[in-house]
Amino acid sequence: MHPRVVAALAKPPFVVEFTFADRTRGSVDLSHWIVNSNGVFAGLRDPAVITQVTVDHEAGTIVCPNGADLDPDVLYELAHGAVSVFGGP
């Protein structure tokens, strides 16, 4: 289990900069999920919407305006270059 998200700053169109509980930082480009989604992330295609993400401190992750959230462990690994959006290191 990785440290949880404590702060997030969205940078349009689809990048979010994270600060984690271990005080490390990193950015994640969410465009893969948003642009290719027909599901819950499709509602985030308007770049103005992504700027409305908030941190759910209880869950330790971000929550989008439509209620979608992302696994904080995946965000940590992506922000630290441990995995790629497409599945491998």
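The values are calculated or read from the model by the stated rules, or taken from the named source; none is laboratory data. Keep in mind the model is a prediction, meaning the values are calculated, not measured. Here the Cβ is made from the backbone with ideal geometry for all residues, glycine too, and neighbour counts use every protein chain on show.
Numerical summary
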{"item": "Pairs where the first residue, in segment 22-38, is more than 19 Å from ALA48 (Cα to Cα) and the second is modelled with pLDDT of 90 or more and surrounded by 17 or more Cβ atoms within 10 Å (Cβ to Cβ), C-beta under 6 Å, 6+ apart", "result": "ARG25/THR19; GLY26/PHE18; GLY26/ALA79"}
{"item": "Residues located in segment 7-23, provided they are charged (D, E, K, R), loosely packed, with under 14 Cβ neighbours inside 10 Å and assigned to a strand (DSSP E or B)", "result": "LYS11"}
{"item": "Within segment 55-83, tally of residues that are under 10 Å from the mean Cα position of the chain (by Cα) and not aliphatic (A, V, I, L, M)", "result": "6"}
{"item": "Residues that are among the charged types (D, E, K, R) and without any contact (Cβ under 8 Å) to a residue 60 or more places away in the chain, drawn from segment 3-21", "result": "LYS11, GLU17"}
{"item": "Of residues in segment 71-80 being in contact (Cβ under 8 Å) with a residue 24 or more places away in the chain and of a type outside the set (Ser, Thr, Tyr), the one farthest from GLU17 (Cα to Cα)", "result": "ASP73"}
{"item": "So THR61, is it surrounded by 14 or more Cβ atoms within 10 Å (Cβ to Cβ) and polar (S, T, N, Q)", "result": "yes"}
